[in-house]
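Right, one structure below, let's go through it.
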Amino acid sequence: SFQNEINEVPFFDIQLPYELALKIFQYLGKTELGRCAQVSRTWKVLAEDEVLWYRLCQQEGYLLDASISDHSCWKLALKNCRARERTLKTNWKNRIGAVSQLQYELGKILCDVHSCDGVVIAGYTSGEVRLWDTRTWDYTAPILEPMHGPGDAGPQPHVSFVRINSSLAVAAYEDGMVSVWSLMFGREPIHRYQHNQRIQALALGSEGATVATASGFEVKVESPNDRGFWQTTQTFEIQKLVNFLNLVPDVTGSPVTVAAAEDIVYLLKAEDPGKVLHSVYGQPVTCLDVSAHEAAFGVKTFGWLLNEPNQILLYNLETSQCLKKMGNSMGDFTCVNLQNSPPNMLVTGNKDRRVRVFDLRKSESLCSFYAHQLGVSAVQMDDWKIVSGGEEGLVCVWDQRMGTKLWEMHARHPVRHVWFNSHSLITANIPDDKTPRGASITDDDLTAHRKHRGIIYAYEFSVDQLAVESILPICRSSYDEVTGYNYNIGLAVPYDNI
């Protein structure tokens with residue numbers, strides 16, 4: 001009779017076909033399915049059906065790119081995913097993991113750092129641009145070939161900005177040159193172009209192939225055409241010098257750029273070239289971030305308007321309306337992160353040393369941490385934690401709900417870049433002074449002392465998983481330091497676990 005029940009499931013006093021019973025069970029969560037599995041053998045078979053557990057797994061955001069045939073037991077797959085997430089959270093909270101320094105250019109000074117999904121790009125005063133893929137243990141740092149040929153004598157221009165996304169790397173140099181590399185093909189640039197003045201800002205689309213640069217009173221947008229040939233697709237003339245430049249993500253059709261130039265924010269589209277999104281005379285913009293539909297930026301007001309302190313403004317990019325004015329602090333907002341924040345949230349850093357989280361549906365901040373002595377310089381959040389970097393060189397990890405600091409790490413220079421995902425964290429301390437005393441050409445010593453160079457750290461919190469697939473992390477050590485250190489932290493510096 002059991003065979004018969006598999007096709008006809010007993011539902012109280014009626015028999016239902018299996019497919020119909022499955023349709024009813026698909027509205028149940030994990031706990032209810034567990035209870036149903038204890039009713040009878042037939043219900044157990046039904047409650048452990050792969051389709052139900054595959055769907056639950058997808059609903060919770062796990063293994064999204066897997067198809068139902070990829071796992072033989074989806075209930076177990078979901079259990080493993082949840083366990084891994086719990087372990088990662090514990091590792092983050094207790095600093096259990098490995099940390100590496102991504103150091104390359106001995107004697108040269110770090111100019112700019114950017115990262116995308118664990119791939120890090122760094123530009124130096126020597127004009128060199130380096131890539132690291134921190135997703136593999138045994139990574140080396142390939143050099144992206146510069147645009148200067150071997151015949152160019154004399155020192156190369158410094159790198160002023162670097163940007164990277166999933167397919168391209170871009171660097172802008174002090175002499176106004178921009179080079180674009182493809183991460184798929186080799187180390188030679190696939191495109192380069194020149195501005196005749198210094199470049200003030202560089203933006204790269206989060207996906208696809210669009211680069212925007214601002215130099216003088218001009219914003220240029222470059223992208224490849226249908227046949228793959230790069231060209232200048234848009235040029236905009238504006239009235240002031242650009243301080244911040246962002247490309248709007250997920251735009252269909254021609255690219256849209258948001259540029260903040262002193263006290264004006266422009267929304268630059270091909271069909272509407274000089275559109276001003278926001279302008280209040282004498283109130284400069286201090287930071288900017290852009291998501292697919294909104295732009296958030298800090299505005300500095302000068303003390304004579306005491307009723308309007310410094311604020312973060314949120315604009316809708318479709319309607320050009322100001323949706324919200326948030327925060328009112330005496331200090332300037334120095335950094336804002338909208339694009340990588342959870343839905344309806346944004347996180348900001350301020351010169352008044354505080355990190356604030358705003359809910360975009362309300363105007364007052366949800367929480368505010370007294371974070372960094374000299375002001376906050378970089379910040380990112382997810383649904384439970386915040387990572388902030390300060391001008392004094394401290395990186396802090398916060399538990400957002402508890403409002404407490406979990407741990408901190410210190411390096412000498414201001415933190416200019418912070419990026420993390422569920423299992424890794426990348427931070428960069430970049431010196432403000434690119435030509436420290438004792439490192440000039442006239443001195444005998446041509447190499448800058450270590451303390452002047454700046455540093456990039458890569459933290460990996462899922463060490464249990466990595467240790468299985470690779471050689472011991474000791475193999476990452478360059479052995480050029482004499483001693484290791486390990487004070488009250490679980491982060492293994494390569495030579496600490498010999």
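Couple of notes before you dig in:
- Once the 1.4 Å probe is applied to the protein heavy atoms, the stretch 18-92 comes out at 62 Å² accessible per residue.
- Heavy-atom accessible surface of the stretch 18-92: percent carbon and sulfur, 1.4 Å: 54 percent
- Computed from backbone phi with θ = phi - 60° and the Karplus coefficients 6.51, -1.76 and 1.60, the 3J(HN,Hα) list for the stretch 225-233 is 7, 4, 8, x, 8, 6, 8, 7, 8 Hz; x is used for glycine and proline.
- Computed magnitude of the charge dipole of the chain (debye, nearest 20; Cβ of K, R +1, Cβ of D, E -1): 1160 debye
- Mean shadow area of the stretch 1-90 over all directions, Cα convex hull, nm²: 6.6 nm²
- Top positive-direction residue, dipole computed over the stretch 241-368 with Cβ charges, set S254, C287, N243: C287
- As a fraction of the 1.4 Å probe accessible area of the stretch 319-420, surface on carbon and sulfur atoms comes out at 46 percent.
- Against the main long axis of the alpha-carbon atoms of the chain, helix 74-94 sits at an angle near 40°.
- For T233 and D433, the difference between the fully extended length at 0.36 nm per residue and the C-alpha to C-alpha distance is 68.4 nm.
- The stretch 173-227-the stretch 266-326 distance, computed between alpha-carbon centres (Å): 25 Å
- If the segment from W384 to L22 were pulled out straight at 0.36 nm per residue, it would be longer than the present Cα-Cα gap by 126.8 nm.
- Label separation (E48 vs D272): 5.9 nm, computed from points 7 Å beyond Cα along the C-beta direction.
- FRET efficiency estimate (nearest 0.05) - Cβ-Cβ, L241 to K325, R0 35 angstrom: 0.85
- Residue-span extension gain [R35 to S182] - 0.36 nm each, minus C-alpha spacing: 47.6 nm
- Ligands, DNA and RNA are left out, and with a 1.4 angstrom probe the accessible area of the stretch 248-333 is 44 Å² per residue.
- Label-to-label distance, nm, for residues given as N196 and D65 (7 Å Cα→Cβ offset): 4.6 nm
- Calculated FRET efficiency, S279 to R361, Cβ-Cβ distance, R0 = 30 Å: about 0.70 to the nearest 0.05.
- C-alpha center-to-center spacing [the stretch 58-96, the stretch 331-401] in angstrom: 28 Å
The values are calculated or read from the model by the stated rules, or taken from the named source; none is laboratory data. Not measured: the values here are computed from a predicted model. Methodologically, a virtual Cβ is constructed for each residue, glycine included, from the backbone with ideal geometry; neighbour enumeration extends over all protein chains shown. With ligands, DNA and RNA removed, areas are computed over all heavy atoms of the protein, side chains included. Shrake-Rupley method; radii C 1.70, N 1.55, O 1.52, S 1.80 Å.
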